[in-house]
Amino acid sequence: MPEEYRFKEERFVIEPLMLWLKKAGWELQKPSHPTSAKGWDIEARRRKECLLIEAKYISGSSISSLAGLVAAPLAKRDKRWNDPSWCCWAIGMRPQVERRGRHMYQIFFDYMARNSEFWKHYGEDLRMKYIFCVQAGEVTRIPFAAFLRMAKLYGGRANEKTPLEDRRRIAEGLLSRHLKRAVS
């Protein structure tokens, strides 16, 4: 991963999420070498529960940016604690592209709605707990199962023939109660 991209991931995703988790009372661990491919971006522990979090900085509205998120829970990675663990994703973007970046959720819904049965089993088998959305330093936690339900609803309301702006409005409507920041 290029150093500049890793710096942005640290600044716009990992640091705000770690601050949020710390305020919520989680004990945190971060890899000692930030560009290491081993380990999770953040490990959080509280009350004998461990969250293994893979973070991604989204520089545009490309689904290819999410490939690392999907593959991360599949890798056999070391973890520091032996408590029961849950995998999580953290998705963030630079605040200046936030309006355009929020269209990334529509792309994510398109991607997940195509094969909801696969994603249901993926979530269950890999113990997916949350998707953390980090925008302009604010963190929103969406349960993975709730995101899958929204993707299924999205799939029922939109398809590839639905105009792009309509698909974006549908996605925004489904996420509006979860994403605290209003589109300016």
statement: Here the residues within region 156-181 that are assigned to a loop (DSSP other than H, G, I, E, B), at pLDDT 85 or above and loosely packed, with under 12 Cβ neighbours inside 10 Å are LYS161, PRO163
message: Condition first: crowded, with 20+ Cβ neighbours inside 10 Å and part of a loop (DSSP other than H, G, I, E, B). Now tell me which residues in region 111-124 satisfy that.
response: none
task: Please find, within region 125-155, the residue that is nearest to TRP40 (Cα to Cα) out of those that are without any contact (Cβ under 8 Å) to a residue 12 or more places away in the chain and part of a helix (DSSP H, G or I).
output: ASP125
message: Of all residues being modelled with pLDDT under 90 and aliphatic (A, V, I, L, M) in region 119-138, which is nearest to ALA67 (Cα to Cα)? Just the residue, please.
response: LEU126
field: Total residues in region 115-159, condition in contact with a Lys or Arg (Cβ under 7 Å, 6 or more places away or on another chain) and among the acidic types (Asp, Glu)
entry: 1
- request: Of all residues in region 128-159, count the ones that are of a type outside the set (A, V, I, L, M) and touching a Pro at 6+ places or on another chain (Cβ under 8 Å).
  value: 5
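The values are calculated or read from the model by the stated rules, or taken from the named source; none is laboratory data. This one's a predicted model, so the numbers in the text were calculated from it and none came from an experiment. Here the Cβ is made from the backbone with ideal geometry for all residues, glycine too, and neighbour counts use every protein chain on show.
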